Amino acid sequence: MILEYFEDRFGIPKAHFSEYQLYQGHKGKYYLGPKTIDRPQVISPGLLIARAEKQVKPTSNFLQLFGHLATKNILELSKPDAKRYIEGYDLRIEANADPGYVIVSYSGNFLGCAFLKDGLMTNNLPKAKRQQVKYL
Amino acid sequence: MIPDAFKKRYSELADDSGFFACLETILPKSFRTNTIKSSSLEIRERFAGYGIAIKQMPWYGDAFVSQTPEIGATLEHFLGKIYIQELVSMIPALVVKKELENASLVLDACAAPGSKTTQIAAMMKNRGRLIANDLSYSRIKALQFNLQKAGALNTIITNQDLRFFPNQQYDVVILDAPCSSEGIMRKNDKLFRTWNEKKIYGHSRLQKQLIVKAFDLLREGGVMTYSTCTFAPEENEEVVGHLLSERNAKIEKIQLPGFKLSKGTTEWRKNQYPPEVENCVRIWPQHNDTGGFFVAMVVK
Ligand SMILES: C[S@@+](CC[C@H](N)C(=O)[O-])C[C@H]1O[C@@H](n2cnc3c(N)ncnc32)[C@H](O)[C@@H]1O
């Protein structure tokens, strides 16, 4: 259901992940990892790609890695807005997109996840990833 | 300030007048291209576009040095296209690069915070299985963050004492052991203040247990690296010598064209180590303007 959602919402083809296995962890966490784990006491099996509680929320790390495969719901930012996004700010955006999660991009780079609704882009970058960038 | 006892201990072993002076200079910034997300060609072009001078290392095309302290303030750092890492820390994975490219099961036995794990995952092209283990739960958090940022898909994190690790046969094992860290004093001179010989002996005892266990986890024909960022022979050649006395291990020669390596020492304070430990390499800071390091490549 997670990979189907990515295909449906962003056009990221599910078939792209056939070499890997989807794992469900605690608190609605989903990981994409190697086909077999065959050991107990694993802290994390691969890349955390989404949290799914009420709805599926993709991780920024997933979108950074696979955003280039997406065909829709990509939000292209200007340089000053990209900088503010990376610093962690929410942004007012004039965008004609479906409300929901979007892939934030800047000049061919996939920066991460945001939630778009009624002209407001809510920043979904985890706090630990937010930073100042001088060169972009 | 370098303690006198430290100077006394190493003046002979370091056999080169530049050693102590070098330890008091600042380490240049270095980073590695994360080939999961980028290429060194792309990194060169992008940094040139910013006007940031970077120097590519002749001995490892994915390694760069920069005099600019601001490489952390680039979009490429935010995106995980580069990983800030000491040059010497890149060497263990580099010497077994070919084996990593062909491996299906790899263990990074003491992995946190993941400088080497992220490099190994990239060398494995995100395929096969890489087990990244560390005893310290608080350090696992950083390991997790770094692996996610790097985009590692093939990596499974575990949190166990290596000495009690479940038996499985690995193609490659990377043992980057906990050590007295004398070699990172250029980065963190507080270490000089807390330095004492007693710490060396404690580490040495644990390292001897870890190296034998790591070797037992290797399949027949598999390859392992043992590394530390310290100068003390008790934590280096003596540990490798211990493995040789306990198991049928072979120490391979290491070559890294374009980077000056020194051979392991077979004598230290009345102790003799087996002649094979000469195949281990010592990296003295003054030779390549890096931190200090020790690497052994072991074949089963
Ligand atoms: C030199 S650091 C590893 C650095 C790491 N390889 C890197 O490149 O980022 C040594 C690590 O060994 C871990 N450690 C210490 N004792 C251990 C044990 N018995 N089993 C597993 N890990 C241990 C420490 O928590 C520490 O993170």
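The values are calculated or read from the model by the stated rules, or taken from the named source; none is laboratory data. These numbers were taken from a predicted model, which means no experiment stands behind them. Neighbour counts are summed over all protein chains in view; Cβ atoms, including those assigned to glycine, are modelled from backbone coordinates with ideal geometry. Just the protein is used for accessible areas: all its heavy atoms, side chains included, with ligands, DNA and RNA removed. Shrake-Rupley method; radii C 1.70, N 1.55, O 1.52, S 1.80 Å.
Considering only residues of the stretch B:190-206 that are touching an Asp or Glu at 6+ places or on another chain (Cβ under 8 Å) and more than 12 Å from the ligand (Cβ to nearest atom), which is farthest from B:Phe6 (Cα to Cα)?
My answer is B:Ser204.
Search the stretch B:121-139 for residues being of a type in the set (S, T, N, Q) and more than 23 Å from B:Leu100 (Cα to Cα), and hand back the single one that is farthest from the chain's Cα centre (by Cα).
Looking at residues that are of a type in the set (S, T, N, Q) and more than 23 Å from B:Leu100 (Cα to Cα), I get B:Ser138.
Please go through the stretch B:170-189 and give me each residue that is surrounded by 13 or more Cβ atoms within 10 Å (Cβ to Cβ) and either more than 10 Å from the ligand (Cβ to nearest atom) or on the phi > 0 side of the Ramachandran plot (or both), ordered by number.
B:Tyr170, B:Asp171, B:Val172, B:Val173, B:Ser180, B:Ser181, B:Glu182, B:Gly183, B:Met185, B:Arg186, B:Lys187, B:Asp189
For the stretch A:94-116, state whether one or more residues are within 23 Å of A:Tyr23 (Cα to Cα), polar (S, T, N, Q) and within 9 Å of chain B (Cβ to nearest Cβ).
For the stretch A:94-116, residues within 23 Å of A:Tyr23 (Cα to Cα), polar (S, T, N, Q) and within 9 Å of chain B (Cβ to nearest Cβ): absent.
Can you tell me which condition A:Leu48 does not meet? The list is (1) open to solvent by 90 Å² or more (accessible area, probe 1.4 Å); (2) closer than 19 Å to B:Gly128 by Cα; (3) within 8 Å of chain B (Cβ to nearest Cβ), and all the others hold.
Exception for A:Leu48: condition (1).
Give just the number: which of (1) more than 10 Å from every other protein chain (Cβ to nearest Cβ); (2) under 26 Å from B:Asp134 (Cα atoms); (3) open to solvent by less than 80 Å² (accessible area, probe 1.4 Å) does A:Thr36 not satisfy?
It fails just one condition, (1).
Just to be sure I understand the filter: pairs with C-beta atoms under 7 Å, separated by 6 or more residues or on different chains, first member in the stretch B:124-139 and more than 10 Å from every other protein chain (Cβ to nearest Cβ), second member part of a strand (DSSP E or B). Which pairs pass?
From residues that are more than 10 Å from every other protein chain (Cβ to nearest Cβ), the pairs are B:Met124/B:Val106; B:Met124/B:Leu130.
From the list B:Ser38, B:Ser66, B:Ser104, B:Ser30, which one is closer than 21 Å to B:Gln286 by Cα, within 14 Å of another protein chain (Cβ to nearest Cβ) and in contact with a strand residue (DSSP E or B) (Cβ under 8 Å, 6 or more places away or on another chain)?
One residue alone meets the criteria, B:Ser66.
Looking at (1) within 11 Å of another protein chain (Cβ to nearest Cβ); (2) open to solvent by less than 40 Å² (accessible area, probe 1.4 Å); (3) under 17 Å from A:Phe6 (Cα atoms), find the lone condition where A:His68 falls short.
(2) is the only condition that A:His68 fails.
Just checking: which of the strands (runs of 3 or more DSSP E) contained wholly in the stretch B:51-133 hold 1 or more residues that are in contact with a helix residue (DSSP H, G or I) (Cβ under 9 Å, 6 or more places away or on another chain) and open to solvent by 10 Å² or more (accessible area, probe 1.4 Å)?
B:55-57, B:60-66, B:82-84
Could you tell me how many of the residues in the stretch B:161-171 are more than 7 Å from chain A (Cβ to nearest Cβ) and assigned to a loop (DSSP other than H, G, I, E, B)?
Result for the stretch B:161-171: 5.
Does the stretch B:97-113 contain at least one residue that is of a type in the set (A, V, I, L, M), more than 16 Å from the ligand (Cβ to nearest atom) and in contact (Cβ under 8 Å) with a residue 12 or more places away in the chain?
yes
Kindly check whether there is at least one residue in the stretch A:73-82 that is within 14 Å of chain B (Cβ to nearest Cβ) and buried (at least 19 other Cβ atoms within 10 Å of the Cβ).
Yes - at least one qualifying residue is present in the stretch A:73-82.
Across the stretch B:140-149, what is the number of residues that are surrounded by 24 or more Cβ atoms within 10 Å (Cβ to Cβ) and either under 18 Å from the mean Cα position of the chain (by Cα) or more than 9 Å from chain A (Cβ to nearest Cβ) (or both)?
2
Quick one: which residue in B:Thr118, B:Thr155 is under 27 Å from A:Ile86 (Cα atoms) and in contact (Cβ under 8 Å) with a residue 40 or more places away in the chain?
Going through B:Thr118, B:Thr155 in turn, the sole match is B:Thr118.
Tally up the residues in the stretch A:117-131 that are surrounded by 12 or more Cβ atoms within 10 Å (Cβ to Cβ) and either within 14 Å of chain B (Cβ to nearest Cβ) or of a type in the set (S, T, N, Q) (or both), please.
Going through the stretch A:117-131 one residue at a time, the tally reaches 8.
Pick from B:Val298, B:Val239, B:Val212: which is within 16 Å of the ligand (Cβ to nearest atom), open to solvent by less than 30 Å² (accessible area, probe 1.4 Å) and over 29 Å from B:Glu24 (Cα atoms)?
B:Val212 is the lone residue from the list that is within 16 Å of the ligand (Cβ to nearest atom), open to solvent by less than 30 Å² (accessible area, probe 1.4 Å) and over 29 Å from B:Glu24 (Cα atoms).
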